[in-house]
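Remarks on the structure that follows.
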Amino acid sequence: MLVKGEIQSTDIVDELLENVTQRDAEIGAFLSIDAVAIRAAAAKADLSLPLGGIPIAMKDNINVLGDPCTCGSKFLAENYHSPYDAGVTRRLRSAGVVFFGRTNMDEFAMGSATENSALQRTNNPAALGHIPGGSSGGSAAAVAAHFSPAAIGSDTGGSIRQPASHCGVVGLKPSYGRVSRYGLVAFASSLDQIGPLSRTVEDAAIILQAIAGHDPLDSTSLPLPVPNYLTNLHQGVKGLRIGIPKEYFAAGLASVVREAVEKEIVRLQEQGAIPVEISLPHTEYAVATYYIIAPAEASSNLSRFDGVRYGHRAANPADILSLYQRSREEGFGPEVKRRIILGTYVLSSGYYDAYYNKAQKVRTLIRKDFENAFAFCDAIISPVAPTAARKIGECTDPVQDYLADVCTIPVNLAGLPAISVPLPSDGLPIGLQIITPHLQESLLLQIAQAVENR
């Protein structure tokens, strides 16, 4: 409609801003949104560009020049504004995107419910009073509530796919190295990946097309050409072997989730797909492995938040040690402190080999499980989460929240691409996870499109 001149970018953002004004007080998707800057950007949008004039919301741990970047933490909420653009931000800016606000998240992306945000609570637009998932809960909620046609999130252990599943939208985690991490505030550098949340698979493909590619400022970014993700989007699933991992359908999976996924397996088979039972035998160790590796990397990455250069600074410290201790004590929330302490412990002298080194070996076994499975199938499907979105405040045990990512964490440990696609549901939203081999996003999107077509 923009290209045809039937509508202007200013018309779109005016309608979206009105939606935000009317409803975001009860949903809490945005931490900040500058209506004046958004309207100004829309007025001068270049519609000849691939995403010219399209508003996209940004998770608040991705740097956008001049914008706040709080990471959902008191540590950065007081006075930090981004001094540069992230790699993904640069690509979106060159594609003509209108940046549409900063979305809420679990503090420093540590959480599965957006309940760990130090700044506000986010409700699930599909069911107020329920969690939107996390840590990209604000991004998923913004898309589900029709505040923004799409949003950008980050995924370290399921933080795009799980909120997408809970809110009933599409959420894509690309292969590790496919999208630049430069300018993403690091949680766990060997696991983090940026990706889109959208209302359709095609929109996710279009955004991935814009953000994928090599970035010399990110040493983990792969110097490989980017295929056209729209070329095979509507090729269907006929003849494709779809792996069904028995470990993902074990005890603890809610019956409503199991039934929805099993119905989709039958439906894909009717379209010509070939279900293949597979095994990923080291799945049971994935959560424990993740909660050694991720906190260890977080402990290292978050050491830069010391009250010296930017962010929260304790008032009137007695000495430099007091400055460090009080700034971090006052600035970090309980979950961030918990993971820093855990990560520091597993990296400490005498425990490195017993925990961190062993976890890295198990990570290799989990990656090899996927390699072995893909010898027998083209893609793998599973639930995204073992249950639908729980009520806000219902879980008080951190370990139970950690287990909510049991189906998504192995993908990050292996560096694979995966997507959450909504399934039909009479109740709360449920997502189907599709996993493909490394850098096979085209196949991933092709299968996801077949799931979406109804």
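The values are calculated or read from the model by the stated rules, or taken from the named source; none is laboratory data. Everything numeric in this text was worked out from a predicted model, so none of it was measured. In this analysis, Cβ positions are derived from the backbone assuming ideal geometry, glycine residues included, and neighbour counts consider all displayed protein chains.
For region 408-430, name all the residues that are closer than 18 Å to Leu197 by Cβ and within 14 Å of the chain's Cα centre (by Cα).
Hits for region 408-430 are Thr408, Val411, Asn412, Pro417, Ala418, Ile419, Ser420, Val421.
Please name all residue pairs, on different chains or six or more residues apart, with Cβ atoms under 8 Å, provided the first residue is in region 32-53 and is over 29 Å from Asn79 (Cβ atoms) and the second residue is modelled with pLDDT under 95 and buried (at least 16 other Cβ atoms within 10 Å of the Cβ).
Leu47/Leu2; Gly52/Leu2; Gly53/Leu2
Do we have any residue at all in region 210-224 that's part of a helix (DSSP H, G or I) and either under 30 Å from Asp85 (Cα atoms) or not aromatic (Phe, Trp, Tyr) (or both)? Even if it seems obvious, please write down each step before you answer.
Our first condition is that a residue be part of a helix (DSSP H, G or I); within region 210-224, this holds for 210-211.
Imposing the further condition that a residue be either under 30 Å from Asp85 (Cα atoms) or not aromatic (Phe, Trp, Tyr) (or both) reduces the set to 210-211.
Within region 210-224, one or more residues are part of a helix (DSSP H, G or I) and either under 30 Å from Asp85 (Cα atoms) or not aromatic (Phe, Trp, Tyr) (or both).
Mind listing just one residue for me: the one in region 307-332 that is modelled with pLDDT of 95 or more and of a type in the set (D, E, K, R) and, of those, farthest from Cys407 (Cα to Cα)?
Taking the candidates together, the pick is Asp319.
Is it the case that some residue within region 299-307 is closer than 22 Å to Thr408 by Cβ and surrounded by fewer than 17 Cβ atoms within 10 Å (Cβ to Cβ)?
Scanning region 299-307 turns up no residue that is closer than 22 Å to Thr408 by Cβ and surrounded by fewer than 17 Cβ atoms within 10 Å (Cβ to Cβ).
Please work out if Gln235 is touching a residue at least 60 places away in the same chain (Cβ under 8 Å) and more than 19 Å from the chain's Cα centre (by Cα).
Numbers: touching a residue at least 60 places away in the same chain (Cβ under 8 Å): yes; more than 19 Å from the chain's Cα centre (by Cα): yes.
Judged against the criteria, Gln235 is a match.
Which residue pairs have Cβ atoms closer than 8 Å, lie 6 or more positions apart in sequence or on different chains, and pair a first residue in region 83-104 that is more than 14 Å from Pro68 (Cβ to Cβ) with a second residue that is among the small types (Gly, Ala, Ser) and in a helix (DSSP H, G or I)?
Sorted first by the residue in region 83-104, then by its partner, the pairs are Arg91/Ala210; Leu92/Ala210; Ala95/Ala210; Val97/Ala210; Val98/Ser9; Val98/Ala41; Val98/Ala42.
Taking Ala210 as meeting all but one of (1) within 23 Å of the chain's Cα centre (by Cα); (2) in contact (Cβ under 8 Å) with a residue 24 or more places away in the chain; (3) under 29 Å from Arg178 (Cα atoms); (4) surrounded by fewer than 20 Cβ atoms within 10 Å (Cβ to Cβ), write down the number of the exception.
Only one criterion is unmet by Ala210, namely (4).
For the condition touching a Ser or Thr at 6+ places or on another chain (Cβ under 8 Å), surrounded by fewer than 18 Cβ atoms within 10 Å (Cβ to Cβ) and among the charged types (D, E, K, R), what is the one hit in Lys263, Lys238, Lys246? Write out each step before concluding.
Numbers: Lys263 fails: touching a Ser or Thr at 6+ places or on another chain (Cβ under 8 Å); Lys238 fails: touching a Ser or Thr at 6+ places or on another chain (Cβ under 8 Å).
Answer to the check: Lys246.
Just one of the numbered conditions (1) hydroxyl-bearing (Ser, Thr, Tyr); (2) within 25 Å of the chain's Cα centre (by Cα); (3) farther than 20 Å from Thr387 by Cβ is not true of Ser279; which one?
(2)
Which of (1) on the phi < 0 side of the Ramachandran plot; (2) in contact with a strand residue (DSSP E or B) (Cβ under 7 Å, 6 or more places away or on another chain); (3) of a type outside the set (Ser, Thr, Tyr) does Pro223 not meet, given it meets every other one?
(2)
Which condition does His312 not pass, out of (1) in a helix (DSSP H, G or I); (2) buried (at least 17 other Cβ atoms within 10 Å of the Cβ); (3) not small (Gly, Ala, Ser), if it passes all the others?
For His312, the failing item is (1).
Could you please find all residues in region 268-293 being touching a residue at least 40 places away in the same chain (Cβ under 8 Å) and of a type outside the set (A, V, I, L, M)?
Gln271, Ser279, Pro281, His282, Thr283, Tyr285, Thr289, Tyr290, Tyr291, listed by residue number.
Those residues that are more than 24 Å from Gly53 (Cα to Cα) and in contact with an Asp or Glu (Cβ under 8 Å, 6 or more places away or on another chain), I need them from region 125-158; list them, please.
Leu128, Ile131, Gly134, Ser135, Gly137, Asp155, Thr156, Gly157, Gly158
Taking Ala359, is it assigned to a helix (DSSP H, G or I), modelled with pLDDT under 95 and not aromatic (Phe, Trp, Tyr)?
no
Could you say which residue among Val13, Val3 is among the β-branched types (Val, Ile, Thr), exposed (fewer than 15 other Cβ atoms within 10 Å of the Cβ) and touching a residue at least 40 places away in the same chain (Cβ under 8 Å)? Show your work before the answer.
On the way: Val13 fails: exposed (fewer than 15 other Cβ atoms within 10 Å of the Cβ).
Exactly one of Val13, Val3 is among the β-branched types (Val, Ile, Thr), exposed (fewer than 15 other Cβ atoms within 10 Å of the Cβ) and touching a residue at least 40 places away in the same chain (Cβ under 8 Å), namely Val3.
Return a yes/no flag: does region 238-248 have any residue that is charged (D, E, K, R) and assigned to a helix (DSSP H, G or I). Reasoning before the result, please.
Residues of region 238-248 charged (D, E, K, R): 238, 241, 246-247.
After this cut, where a residue has to be assigned to a helix (DSSP H, G or I) as well, the list is 246-247.
For region 238-248, residues charged (D, E, K, R) and assigned to a helix (DSSP H, G or I): present.
Okay, residues lined up against (1) among the charged types (D, E, K, R); (2) closer than 16 Å to Ala151 by Cα; (3) surrounded by 15 or more Cβ atoms within 10 Å (Cβ to Cβ):
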position	(1), (2), (3)
Thr21	no, no, no
Ile56	no, yes, yes
Lys59	yes, yes, yes
Cys69	no, yes, yes
Asp85	yes, no, yes
